Amino acid sequence: MTRPIEELLQKMGIVPHHIELFAQALTHSSKNGVSNRRFDYERLEFLGDSLIGFVVGSLCYELHPEMNQGELSVLRSQFIRTESEAELAKELGLGDYVMVGPSFTSDPKDSLPLMEDIFESFTGALFLDQGYETAKKFLLGQF
(Lines give C-alpha, C1' and ligand atoms only; values in the text may rest on other atoms or scores of the structure.)
Protein backbone atom coordinates (compact mmCIF):
# COMPACT_ATOMS: atom_id res chain seq x y z
CA MET A 1 0.00 0.00 0.00
CA THR A 2 1.39 3.36 -1.03
CA ARG A 3 1.54 6.01 1.66
CA PRO A 4 -0.02 9.46 1.11
CA ILE A 5 2.25 11.96 -0.62
CA GLU A 6 1.20 14.68 1.82
CA GLU A 7 2.96 12.70 4.56
CA LEU A 8 6.23 12.70 2.60
CA LEU A 9 6.07 16.40 1.81
CA GLN A 10 5.26 17.31 5.40
CA LYS A 11 8.17 15.20 6.62
CA MET A 12 10.45 17.07 4.19
CA GLY A 13 9.08 20.48 5.15
CA ILE A 14 7.61 21.12 1.70
CA VAL A 15 4.36 23.03 1.39
CA PRO A 16 3.32 22.22 -2.18
CA HIS A 17 1.77 24.72 -4.55
CA HIS A 18 0.77 21.95 -6.97
CA ILE A 19 0.65 18.59 -5.21
CA GLU A 20 -0.24 16.87 -8.47
CA LEU A 21 3.35 17.46 -9.64
CA PHE A 22 4.63 15.35 -6.76
CA ALA A 23 1.96 12.71 -7.41
CA GLN A 24 3.08 12.55 -11.03
CA ALA A 25 6.75 12.40 -9.98
CA LEU A 26 6.02 9.30 -7.93
CA THR A 27 3.86 7.49 -10.50
CA HIS A 28 5.39 4.73 -12.63
CA SER A 29 4.25 4.31 -16.25
CA SER A 30 2.74 0.90 -15.40
CA LYS A 31 -0.04 2.87 -13.71
CA ASN A 32 -1.09 4.26 -17.13
CA GLY A 33 -2.61 0.92 -18.04
CA VAL A 34 -5.30 1.44 -15.40
CA SER A 35 -6.24 5.01 -16.30
CA ASN A 36 -7.33 6.81 -19.44
CA ARG A 37 -4.63 9.46 -19.39
CA ARG A 38 -0.85 9.56 -19.47
CA PHE A 39 0.29 10.41 -15.96
CA ASP A 40 3.76 9.26 -14.95
CA TYR A 41 7.15 10.53 -13.95
CA GLU A 42 9.00 10.29 -17.27
CA ARG A 43 8.89 13.97 -18.30
CA LEU A 44 9.73 15.13 -14.78
CA GLU A 45 12.61 12.63 -14.74
CA PHE A 46 14.04 14.30 -17.84
CA LEU A 47 13.85 17.71 -16.19
CA GLY A 48 15.26 16.50 -12.87
CA ASP A 49 18.14 14.69 -14.56
CA SER A 50 19.09 17.92 -16.35
CA LEU A 51 18.87 19.96 -13.16
CA ILE A 52 20.94 17.45 -11.17
CA GLY A 53 23.62 17.50 -13.86
CA PHE A 54 23.70 21.28 -13.84
CA VAL A 55 23.80 21.71 -10.05
CA VAL A 56 26.40 18.98 -9.47
CA GLY A 57 28.45 20.18 -12.44
CA SER A 58 28.38 23.75 -11.11
CA LEU A 59 29.42 22.56 -7.67
CA CYS A 60 32.35 20.58 -9.11
CA TYR A 61 33.38 23.60 -11.20
CA GLU A 62 33.25 25.99 -8.23
CA LEU A 63 35.03 23.71 -5.75
CA HIS A 64 37.79 22.51 -8.08
CA PRO A 65 39.26 25.39 -10.12
CA GLU A 66 42.42 23.31 -10.59
CA MET A 67 40.59 20.66 -12.66
CA ASN A 68 40.24 20.63 -16.43
CA GLN A 69 37.07 19.69 -18.30
CA GLY A 70 37.87 15.97 -18.43
CA GLU A 71 38.66 15.79 -14.74
CA LEU A 72 35.46 17.68 -13.89
CA SER A 73 33.45 15.23 -16.00
CA VAL A 74 34.95 12.28 -14.15
CA LEU A 75 34.27 13.92 -10.79
CA ARG A 76 30.66 14.71 -11.70
CA SER A 77 30.10 11.15 -12.89
CA GLN A 78 31.19 9.85 -9.48
CA PHE A 79 28.16 11.59 -7.97
CA ILE A 80 25.59 11.14 -10.72
CA ARG A 81 25.23 7.38 -10.97
CA THR A 82 22.30 5.00 -10.81
CA GLU A 83 23.49 3.58 -7.51
CA SER A 84 24.04 6.91 -5.79
CA GLU A 85 20.76 8.46 -6.92
CA ALA A 86 18.85 5.29 -6.03
CA GLU A 87 20.44 5.32 -2.59
CA LEU A 88 19.44 8.97 -2.10
CA ALA A 89 15.86 8.09 -3.07
CA LYS A 90 15.86 5.27 -0.53
CA GLU A 91 17.31 7.47 2.22
CA LEU A 92 14.55 10.01 1.55
CA GLY A 93 11.97 7.23 1.74
CA LEU A 94 10.63 7.97 -1.76
CA GLY A 95 10.11 4.26 -2.43
CA ASP A 96 7.31 4.15 0.14
CA TYR A 97 5.30 6.60 -1.96
CA VAL A 98 5.81 5.19 -5.48
CA MET A 99 2.59 4.29 -7.26
CA VAL A 100 2.78 1.38 -9.70
CA GLY A 101 0.23 -0.52 -11.72
CA PRO A 102 -0.66 -4.21 -11.32
CA SER A 103 1.81 -5.22 -14.03
CA PHE A 104 4.69 -4.08 -11.80
CA THR A 105 5.01 -7.14 -9.60
CA SER A 106 8.13 -6.46 -7.55
CA ASP A 107 8.78 -3.97 -4.76
CA PRO A 108 9.73 -0.61 -6.36
CA LYS A 109 12.42 -0.15 -3.68
CA ASP A 110 14.25 -3.21 -5.07
CA SER A 111 14.75 -1.62 -8.50
CA LEU A 112 17.81 0.64 -8.66
CA PRO A 113 16.85 2.14 -12.04
CA LEU A 114 13.33 2.90 -10.80
CA MET A 115 14.61 4.52 -7.62
CA GLU A 116 17.08 6.58 -9.66
CA ASP A 117 14.22 7.71 -11.92
CA ILE A 118 12.09 8.61 -8.90
CA PHE A 119 14.88 10.72 -7.39
CA GLU A 120 15.25 12.59 -10.68
CA SER A 121 11.51 13.05 -11.19
CA PHE A 122 11.02 14.22 -7.60
CA THR A 123 13.78 16.78 -8.19
CA GLY A 124 12.01 17.95 -11.36
CA ALA A 125 8.71 18.31 -9.50
CA LEU A 126 10.42 20.19 -6.68
CA PHE A 127 11.96 22.59 -9.21
CA LEU A 128 8.63 23.27 -10.93
CA ASP A 129 6.70 23.60 -7.68
CA GLN A 130 9.16 25.43 -5.43
CA GLY A 131 11.62 27.07 -7.83
CA TYR A 132 15.28 26.78 -8.70
CA GLU A 133 16.75 27.99 -5.40
CA THR A 134 14.78 25.45 -3.34
CA ALA A 135 15.66 22.63 -5.73
CA LYS A 136 19.32 23.66 -5.71
CA LYS A 137 19.38 23.77 -1.90
CA PHE A 138 17.75 20.32 -1.80
CA LEU A 139 20.36 18.89 -4.19
CA LEU A 140 23.30 20.48 -2.41
CA GLY A 141 22.02 18.89 0.79
CA GLN A 142 21.92 15.51 -0.92
CA PHE A 143 25.27 15.66 -2.70
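The values are calculated or read from the model by the stated rules, or taken from the named source; none is laboratory data. Since the model is a prediction, treat every value here as computed from it, not as a measurement. Cβ: placed from backbone, ideal geometry, glycine included. Neighbour counts: every protein chain shown. For accessibility, only protein heavy atoms count, side chains too; no ligands or nucleic acids. Shrake-Rupley method; radii C 1.70, N 1.55, O 1.52, S 1.80 Å.
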- Enter the angle in degrees (range 0 to 90, nearest 10) between the Cα long axis of helix 69-79 and the first principal axis of the Cα atoms of the chain, meaning the one along which they spread out most. 40 degrees
- Message: Within the stretch 76-93, list the residues whose amide N lies under 17 Å from a label point set 7 Å along Cα→Cβ of LEU112.
- Response: 77-91
- Gain in length, LYS137 to HIS17, computed as 0.36 nm per residue apart minus the alpha-carbon separation, to one decimal in nm? 41.4 nm
- Message: Probe of 1.4 angstrom, ligands and nucleic acids ignored: what's the accessible area per residue over the chain, in square angstrom?
- Response: 56 Å²
- What part of the accessible area of the chain, given as a whole %, is carbon or sulfur when the probe is 1.4 angstrom? 54 percent
- Message: Please list, ordered by chain and number, the residues whose modelled amide H lies under 5 Å from the amide H of THR27; skip anything fewer than 5 residues away on the same chain.
- Response: TYR41, MET99
- Set the Förster radius R0 to 30 Å, insert the Cβ-Cβ distance between LYS90 and MET67 as r into 1/(1 + (r/R0)^6), and round the FRET efficiency to 0.05. 0.50
- Query: Tell me, what does the Kirkwood hydrodynamic radius of the stretch 11-131 come to in angstroms if you use every pair of distinct C-alpha atoms?
  - Reply: 15.2 Å
- Would you please calculate the Kirkwood hydrodynamic radius of the stretch 4-61 over all C-alpha pairs and express it in Å, rounded to one decimal? 13.1 Å
- Item | Cα long-axis angle, helix 82-92 against the chain (0 to 90 degrees, to the nearest 10) | 60 degrees
- If the cut-off is a Cα-Cα distance under 26 Å, which lysines reach LYS136, setting aside same-chain residues fewer than 8 apart in sequence? LYS11, LYS90, LYS109
- Message: Tell me the relative contact order for the stretch 38-143 as a rounded percent, counting alpha carbon contacts under 8 Å between residues six or more apart.
- Response: 43 percent
- Task: Mind pulling the angle between the C-alpha long axis of helix 112-130 and the longest principal axis of the chain? Nearest 10 degrees, somewhere in 0 to 90.
- Result: 80 degrees
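For the ranges 114-121, 66-73, 54-61, what's the packing order if you count other beta-carbon atoms within 10 Å of each residue, average per peptide, and put the highest first?
Top of the packing list down: 114-121, 54-61, 66-73.
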- Item | Computed [θ] at 222 nm, helices only, for the chain once each DSSP H run of length n ≥ 4 contributes -39500 (n - 2.57) | -19500 deg cm²/dmol
